[in-house]
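Undergrad: Starting off with a structure, shown below.
The values are calculated or read from the model by the stated rules, or taken from the named source; none is laboratory data. None of the values given here were measured: they were computed from a predicted structure. Glycine gets a Cβ as well: all are built from the backbone with ideal geometry, and neighbour counts include every protein chain shown. Calculation scope for accessible area: heavy atoms of the full protein, side chains included, ligands and nucleic acids excluded. Shrake-Rupley method; radii C 1.70, N 1.55, O 1.52, S 1.80 Å.
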Amino acid sequence: MDISDQLSRAARLTWRHKTLWWLGLLPGLTHIATSLAQLWFFHYARREFLPLLSQLPPNGPPLEQWLFTPDTVEKFFNVPVLIGGIVWLFLVGILFWLLLVWAEAAIIAATMGIVGEKPLSVGESLASGRRFLGRFVAIDALLFFPWFLLALAAMVILALTVTSTAVLAVNQSTATSLFSALGLGLSCAGLLACLLIPVSFVTLRFRTMVYRDAVINDAAPTSERPIRHTVRHAWQVIRFNLAEVLILMAILWGMQYVFNLLLSAVSLPLGLASAASILIGLVTAVLLAIPQALLFVYVAVAWTLAYWEWNKE
């Protein structure tokens, strides 16, 4: 397979077929919501935490006294608020995950329609993606189970750390015991979080292939073909085309990395400007979400075309 030709073809399809652009609205919405959440947290932290941090030594009381002041305990070690925030983030994360999975399923269906010279409309693409959504969720449940165990262990350790630190702070324990509990818990949670990075990278790339195998080789989303058979067949396709898979993975990952690096350079001054105005922040979030959504679409189309070729071979 000529990888450069496939990348060029993916670019042409993405540019010519505006249906794919509209399907990028779903990941675009998640980018906008994430940017607005970051903006809200920045304003919240500046309003709630900055006055407390200004009281740190040498301008304020000793560190031990500062840690046990009622305002510090209420703001930093409020267990109900912290646990509620973790639960809220978890639920929002589930919603974003479902939207992104749905968007990718719709883009795969739309791309295969274009390849088969039977282009789908936006509604038809979304409907097809929705029919495959349950199957994709089952694939993720299987592939991400090791990642989930690591993440769950890290969250449990983090929750225990926050709870124990809050109890020590309320009981006015010594600063040594407070920092020991906090340091030990954060170190263990941080170690598990570091393990999540390589596991996430490998799992995300493999699930990309399994998604496409499920759409291309299943006659219908309600097919009796077991998920494990889909995973096994995708692994066989990867093995037989390992060099090309790794090359395409490196190219697309490098493209996304450079793109995000350039976007960060642009978003930094815009982010500083948006800190002074909610309206500017909203406009900035929308403007930055558009290229991110188009890149999501292009990468999904490129993987779909490539897997279609590998599967034929």
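Undergrad: Modelled with pLDDT under 90 and of a type in the set (Val, Ile, Thr): does that describe residue 199?
TA: yes
Undergrad: In addition: Quick one: which of 235, 310 is over 23 Å from the mean Cα position of the chain (by Cα), crowded, with 16+ Cβ neighbours inside 10 Å, modelled with pLDDT of 90 or more and within 28 Å of residue 132 (Cβ to Cβ)?
TA: 310
Undergrad: List the residue pairs whose Cβ atoms are under 8 Å apart, where the first residue sits in region 137-149 and is closer than 18 Å to residue 96 by Cα and open to solvent by 70 Å² or more (accessible area, probe 1.4 Å), the second is among the small types (Gly, Ala, Ser) and assigned to a helix (DSSP H, G or I), and the two are 6 or more positions apart or on different chains.
TA: So the pair list comes out as 147/200.
Undergrad: State all residues of region 135-165 that are part of a helix (DSSP H, G or I) and within 18 Å of residue 234 (Cβ to Cβ); if no residue qualifies, say none.
TA: 135, 136, 137, 138, 139, 140, 141, 142, 143, 145, 146, 147, listed by residue number.
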